[in-house]
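**Student:** Got a structure for you, written out below as structure tokens; questions coming shortly.
The values are calculated or read from the model by the stated rules, or taken from the named source; none is laboratory data. Please read all numbers here as calculations on a predicted model, not as lab measurements. Please note: Cβ atoms are built from the backbone with ideal geometry, for glycine as well, and neighbour counts cover all protein chains shown.
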């Protein structure tokens, strides 16, 4: 049955433009706030229409999210298709694709951070659209490698990493104040350079690093009588499960009951070891911070050239995101849902993290093994290279994880372009 038109729709534009405005504003709010802090009423208020008028275009909040995600992949597919058609070769096509995706005059598109809020049918549609784009981008990389324009690599991993980095770049301004100051030109140049040329000055061979030992990140008890140790193990297990669910489903879509059920404990046990949902979210963020700071410390203490320490750090970040035991919370949206104290703790820790990476990069630039670069922008952009792992369906096989992590590190270090 056709819904009646509302008087509130007057002067709101033609019907296709109205829907486009709705989805643009909804995408902006989803990216900035996450699903939990995005409401139909707020979107309507921003657009200057009533909530009832907004429901002329969408059925409910889930339908709104679905429409935003579908629009995202239709937009990406159009940009990629145009870039392939107009590019003189694979490298040129990648550059054109980045140009179109990061064009500041284009409407904001939503990242698929909370795809699990969709019903099975809609989830499958969005995943199918994502997979089709990744496959087409992977094919472009393979064509470029056969033509001698790009280097040989795992095209599927590289395609997913490239797409992840490109879609993260505009989203980063919602996570860090520093990113708001970068400017379009700096971000565009950094993304292109990272994808095609990487960080290393010498790109003729793959990085040769010793992977970090990440076993200290897993809590262990000293024995059956180590009550404190056993409690720490239980808490760490609960936080690992919670982090995995928050990452895959989103904070708003994950309940304490679900976390407890997945961990095989009662909700009371979860409360005893961690606390309420706000406490669980805060503990997951602090656990994630400890993880990345541990990797940073291993990088600073690495026995070898700084460039190889950097490559090993990128490898380690991928490994922890792929591991069920180690995976930290990695939501792309919803940062504003955490408490002010947790935000302050994260700010202090992330500042320490940034200083550590800046130190290693600066040293490597000074010794001539790393190219001159815009380090602040590069640090933020590279973070996005790992975001696809939050929703990856990679088999839980150690060798597969190691291969994927190695390919991501290779891309960030030497890019996909052929050396020389």
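**Student:** Of these, 354, 415, 368, which one is farther than 15 Å from residue 317 by Cα and in the same structural domain as residue 297 (by TED's automatic domain parsing)?
**Tutor:** On the way: 354 fails: farther than 15 Å from residue 317 by Cα; 415 fails: in the same structural domain as residue 297 (by TED's automatic domain parsing).
Unique residue meeting the criteria: 368.
**Student:** Could you check segment 38-62 and list, in sequence order, the residues that are part of a helix (DSSP H, G or I) and closer than 13 Å to residue 19 by Cα? Before the answer, list the steps.
**Tutor:** Of segment 38-62, the ones part of a helix (DSSP H, G or I) are 40-47, 51-54, 61-62.
If the condition is that a residue be part of a helix (DSSP H, G or I) and closer than 13 Å to residue 19 by Cα, then 43, 44, 47, 53, 54 are the ones that fit.
**Student:** Okay, moving on. Could you run through segment 322-341 and say how many residues are under 22 Å from residue 111 (Cβ atoms) and modelled with pLDDT under 85?
**Tutor:** 9
**Student:** Quick check on residue 304: is it out of contact with any strand residue (DSSP E or B) (no Cβ under 7 Å at 6 or more places or on another chain) and closer than 26 Å to residue 182 by Cα?
**Tutor:** Numbers: out of contact with any strand residue (DSSP E or B) (no Cβ under 7 Å at 6 or more places or on another chain): yes; closer than 26 Å to residue 182 by Cα: no.
Considered against the rule, which asks whether it is out of contact with any strand residue (DSSP E or B) (no Cβ under 7 Å at 6 or more places or on another chain) and closer than 26 Å to residue 182 by Cα, residue 304 comes out as no.
**Student:** Take the conditions in contact with a strand residue (DSSP E or B) (Cβ under 7 Å, 6 or more places away or on another chain) and buried (at least 16 other Cβ atoms within 10 Å of the Cβ) and apply them to residue 361. Does it pass?
**Tutor:** Judged against the criteria, residue 361 is a match.
**Student:** A follow-up question, please. Is it the case, given these coordinates, that residue 152 is touching a helix residue (DSSP H, G or I) at 6+ places or on another chain (Cβ under 6 Å), within 24 Å of residue 394 (Cα to Cα) and surrounded by fewer than 18 Cβ atoms within 10 Å (Cβ to Cβ)? I'd like the intermediate steps shown before the answer.
**Tutor:** On the way: touching a helix residue (DSSP H, G or I) at 6+ places or on another chain (Cβ under 6 Å): yes; within 24 Å of residue 394 (Cα to Cα): yes; surrounded by fewer than 18 Cβ atoms within 10 Å (Cβ to Cβ): yes.
Yes, satisfied.
**Student:** Which fully enclosed helices (runs of 4 or more DSSP H) of segment 117-226 have 3 or more residues being at pLDDT below 95, under 30 Å from residue 366 (Cα atoms) and within 19 Å of the chain's Cα centre (by Cα)?
**Tutor:** Working: elements: 120-146, 155-171, 177-180, 184-197.
Once the helices (runs of 4 or more DSSP H) in segment 117-226 are filtered for at least 3 residues that are at pLDDT below 95, under 30 Å from residue 366 (Cα atoms) and within 19 Å of the chain's Cα centre (by Cα), what remains is 155-171, 177-180, 184-197.
**Student:** Also: Check whether at least one residue in segment 161-171 is touching a strand residue (DSSP E or B) at 6+ places or on another chain (Cβ under 9 Å) and more than 21 Å from residue 400 (Cβ to Cβ), and report yes or no. Please lay out each step first, then the result.
**Tutor:** Step one: list which residues in segment 161-171 are touching a strand residue (DSSP E or B) at 6+ places or on another chain (Cβ under 9 Å), which gives none.
Among the residues of segment 161-171, not one is touching a strand residue (DSSP E or B) at 6+ places or on another chain (Cβ under 9 Å) and more than 21 Å from residue 400 (Cβ to Cβ), which makes the answer no.
**Student:** Check off (1) under 21 Å from the mean Cα position of the chain (by Cα); (2) assigned to a loop (DSSP other than H, G, I, E, B) for residue 105 and give me the number that stays unchecked.
**Tutor:** Of the numbered conditions (1) under 21 Å from the mean Cα position of the chain (by Cα); (2) assigned to a loop (DSSP other than H, G, I, E, B), the odd one out for residue 105 is (1).
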